[in-house]
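Note sheet for the following structure.
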Amino acid sequence: MCGIIGYVGRRPAIPILVEGLRRLEYRGYDSAGVALVAPNDLQVTKTAGRISVLEQMVDFSASQTTGLGHTRWATHGAPNDINAHPHTDSSGRIAVIHNGIIENDRALRTFLERDGVTFKSETDTEVIAQLIGRFYKGDLERAVRQALHEVSGTYGMAVVCADEPEVIVAARKGSPLIIGVNHDEHLLASDAAAILAHTKHVVYVGDGEIARITPTEYRLTTLDAIPVTKEIEEVEWSLEQIELAGYEHFMLKEICEQPTSLADCLRGRIDLREGAVHLGGLVDCTRELTRAKHLILSGCGTAWHAALVGEYMFEELTRIPTEVEYASEFRYRNPIIDDGTVVISVSQSGETADTLAAQTEAKQRGALTLGVVNVVGSTLARQTDAGVYLHVGPEIGVASTKAFTGQLTVLALMACYLGRRKHMSPGAATEFITALSRIPKQINGIIEQADDLKVVAQRYADRENWLYLGRGYNYPTALEGALKLKEISYIHAEGLPAAEMKHGPIALITEGMPVVVIATEGIQYDKIVSNISEVRSRGGSVIAIATEGNKEIAKMAEHVVYVPETLEPLQPLLTVIPLQLIAYHTAVLRGCNVDKPRNLAKSVTVE
Ligand code: F6R
């Protein structure tokens, strides 16, 4: 969603701001803008549309050394030039960029209008700019503090003022902000990707904190002006990881990275000789976790699908009753949290608004809260009691791929870690983690078949309705396959537990309709074969994902994609790979913007 970049230093700001905005493009946006400050001078340039349009409008030789840049994903008001950020106060001397939503925007707007303010835009952000302008008496930080006392809602925001040309004031409540620290310059961003080209040294602005940043100094205080001391931390991601490295799209790069990203995820965490899993992030809560009577996994979208697989794994390996909740539903439905309930929040970004709110709700009700998160230092990672990072590297493509397999891997590790402390025998644990350790290499083998999957995509790319069927562990994989296809190629696709088809959706099957069936070896294999027959007898074209060596299936399906054999709980790690590739090639063939699909944002930081 919206992105923030700020610079205050000795170099011209504009190239740094525009490059930062480019790095934020993947998050999804509909307009962009910059503000440049010099003594007694504030210049704002903004436009609806892509950053390439903004690039044509700005002067790359501009000498100002302080500035802000923003990519907007519309919430209040249409995505047009006027509603694009930065927004200024009536004096035109103060400019604000803002991620989040101001909830009392209407009331504040009415109040300010009665006071004689004329608004230019429909945005809630302009309300903040006008409020700051009203309070400004020569001290920007103080004015921001006063304004924020009037505001309710969420924000990650940055403010500059023509009267204080070497100062950026930033504030955060519920929307991430980091300060990049360099010699004689500081950067500000909502996402480390925007500043990695300049520094890996960062300070995370905490919730309810205000930062005052100059070229040589940053200072953090609470909303009530109490000083906050923070360590400088190092971002573990590199610049190369956020670049395309010769791939046509980030999504393809991230699909192909999965053997490496999962090897990274597993590194140092499994001991094949001892049959043990080591998860440093859980050490302090292992006693409490082992006593858990009830596990709740929560997340949104792809993370929710990973959680569904996790549910099956936890129940099978630990025998602890486990359920999965959409974070957006959990937060509002008065959930039952008893003594012994552990809530595990799954999120790539660690910034998804609903997932954060569900975790907060669970914590307030007394649950032990754990995070399964990719982005180190993200809000979820900080506000959970403990957790396990994915360590799969930055995911830039909007459609989640390597984060999904990372989530499955971490959930498998956690289930085994806990299972060993419950009922799982050392032998079973060794078998499980040995199979897990083979997954990266097995994925490599599947990726090598990418050309066959392109053929499948070519054959069906013009079909507007697809079905994805799976059973057991592969039912969530079917949901994930359907989600991948719909989000990047705009094809209507439905994922189902295969047995449910007879209860209604079978009516959808028409001659030649592509039906992807995950038919790998396992206890439900015979059942899924019957489902394939049901599809075929109604004219559906079956694309089967089957276990290597299964010759029989080729007689029943139009196309067969083979995956290597593994334990059933780990099958989704393999079966999802062809589904990701089919979705990718289909979207490319349909001319869709794979990495920036319409209407979607990489991390959904508003409700
Ligand atoms: C789908 C996708 C989304 C996210 C969802 C949760 O490809 O990326 O469905 O999985 O928005 O995001 P995180 O994991 O960042 O909480």
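The values are calculated or read from the model by the stated rules, or taken from the named source; none is laboratory data. Here the structure is a predicted model, which is why all the values come from computation and not from measurement. With ideal geometry, Cβ positions are generated from the backbone for all residues, glycine too; neighbour counts draw on all protein chains shown. We work out accessible area using only protein heavy atoms, side chains counted, and drop any ligands, DNA or RNA first. Shrake-Rupley method; radii C 1.70, N 1.55, O 1.52, S 1.80 Å.
Brief remarks on what is shown
Per-residue answers, yes or no, for (1) closer than 18 Å to residue 124 by Cα; (2) open to solvent by 60 Å² or more (accessible area, probe 1.4 Å):
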residue	(1), (2)
47	yes, no
50	no, yes
61	no, yes
67	no, no
79	yes, yes
83	yes, no
87	yes, no
93	no, yes
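- Among the conditions (1) farther than 16 Å from residue 254 by Cα; (2) in contact (Cβ under 8 Å) with a residue 60 or more places away in the chain; (3) not in a helix (DSSP H, G or I), residue 393 misses just one, which is (1).
- Test: residue in the range 208-224 that is in contact with a helix residue (DSSP H, G or I) (Cβ under 8 Å, 6 or more places away or on another chain), closer than 27 Å to residue 341 by Cα, open to solvent by 20 Å² or more (accessible area, probe 1.4 Å) and not acidic (Asp, Glu): no
- If you go through the range 390-417 and keep only what is among the aliphatic types (A, V, I, L, M) and surrounded by fewer than 24 Cβ atoms within 10 Å (Cβ to Cβ), you end up with 396, 398.
This table checks each residue for (1) surrounded by 18 or more Cβ atoms within 10 Å (Cβ to Cβ); (2) at pLDDT below 95; (3) among the aliphatic types (A, V, I, L, M).
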site: 548; (1), (2), (3): no, no, no
site: 571; (1), (2), (3): yes, no, no
site: 576; (1), (2), (3): yes, no, yes
site: 580; (1), (2), (3): yes, no, no
site: 584; (1), (2), (3): yes, no, no
site: 596; (1), (2), (3): yes, yes, no
site: 599; (1), (2), (3): no, yes, no
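- Residues in the range 534-546 that are part of a helix (DSSP H, G or I) and open to solvent by less than 60 Å² (accessible area, probe 1.4 Å): 534, 535.
- Residues that are within 16 Å of the ligand (Cβ to nearest atom), assigned to a strand (DSSP E or B) and open to solvent by 10 Å² or more (accessible area, probe 1.4 Å), drawn from the range 310-366: 324, 325, 326
- Residue in the range 24-35 that is open to solvent by less than 30 Å² (accessible area, probe 1.4 Å), out of contact with any helix residue (DSSP H, G or I) (no Cβ under 6 Å at 6 or more places or on another chain), in a loop (DSSP other than H, G, I, E, B) and under 27 Å from residue 603 (Cα atoms) present: yes
- Scanning the range 290-309 for residues that are within 16 Å of the ligand (Cβ to nearest atom), open to solvent by 10 Å² or more (accessible area, probe 1.4 Å) and not in a helix (DSSP H, G or I) turns up just one, 300.
- Among the candidates 109, 134, the residue that is without any contact (Cβ under 8 Å) to a residue 40 or more places away in the chain and among the charged types (D, E, K, R) is uniquely 109.
- When the range 467-491 is filtered for residues that are within 16 Å of the ligand (Cβ to nearest atom), closer than 17 Å to residue 540 by Cβ and not small (Gly, Ala, Ser), the ones remaining, listed by number, are 468, 485, 491.
- The condition of being within 30 Å of residue 351 (Cα to Cα), away from the ligand (no atom under 13 Å from the Cβ) and in a helix (DSSP H, G or I) holds for only one of 415, 435, 428, 381, that being 415.
- Boolean, residue 511 is within 16 Å of the ligand (Cβ to nearest atom), surrounded by fewer than 24 Cβ atoms within 10 Å (Cβ to Cβ), over 19 Å from residue 594 (Cα atoms) and of a type outside the set (S, T, N, Q): no
- Qualifying residue in the range 104-114 (condition: in contact with a His (Cβ under 9 Å, 6 or more places away or on another chain) and modelled with pLDDT under 95): yes
- Output for the range 260-278, where each listed residue is open to solvent by less than 40 Å² (accessible area, probe 1.4 Å) and either under 14 Å from residue 389 (Cβ atoms) or within 20 Å of the chain's Cα centre (by Cα) (or both): 261, 262, 265, 266, 269
- Within the option set 454, 486, 555, being under 30 Å from residue 601 (Cβ atoms), modelled with pLDDT under 95 and open to solvent by 10 Å² or more (accessible area, probe 1.4 Å) holds for one residue only, 454.
- When residues of the range 367-378 are limited to those that are away from the ligand (no atom under 12 Å from the Cβ) and under 23 Å from residue 3 (Cβ atoms), the one modelled with the highest pLDDT: 376
- Residue 446, sole failed condition from (1) assigned to a helix (DSSP H, G or I); (2) closer than 30 Å to residue 280 by Cβ: (2)
- Pairing each residue of the range 113-130 that is within 11 Å of residue 97 (Cα to Cα) with any residue that is open to solvent by 60 Å² or more (accessible area, probe 1.4 Å) and of a type outside the set (Val, Ile, Thr), provided the two are 6+ apart or on different chains, yields C-beta distances under 7 Å for 126/120.
- Residue that is modelled with the highest pLDDT, among those in the range 124-183 that are part of a strand (DSSP E or B) and open to solvent by 30 Å² or more (accessible area, probe 1.4 Å): 182
- Cβ-Cβ contacts under 9 Å between residues 6 or more apart (or on different chains), taken from a first residue in the range 216-242 that is closer than 30 Å to residue 147 by Cα to a second residue that is of a type in the set (S, T, N, Q) and open to solvent by less than 50 Å² (accessible area, probe 1.4 Å), are listed as 227/221; 228/221; 228/222.
- Listed conditions (1) out of contact with any helix residue (DSSP H, G or I) (no Cβ under 9 Å at 6 or more places or on another chain); (2) more than 30 Å from residue 226 (Cα to Cα) are all met by residue 107, apart from (2).
- Of all residues in the range 84-123, those that are outside any loop (DSSP other than H, G, I, E, B) and closer than 19 Å to residue 162 by Cα total 7.
- Residue in the range 268-275 that is away from the ligand (no atom under 16 Å from the Cβ) and not in a loop (DSSP other than H, G, I, E, B) present: yes
- Residue 406 part of a helix (DSSP H, G or I) and either within 14 Å of the ligand (Cβ to nearest atom) or within 16 Å of residue 263 (Cβ to Cβ) (or both): yes
- Across the range 552-607, the number of residues qualifying as more than 16 Å from the ligand (Cβ to nearest atom) and in a helix (DSSP H, G or I) comes to 15.
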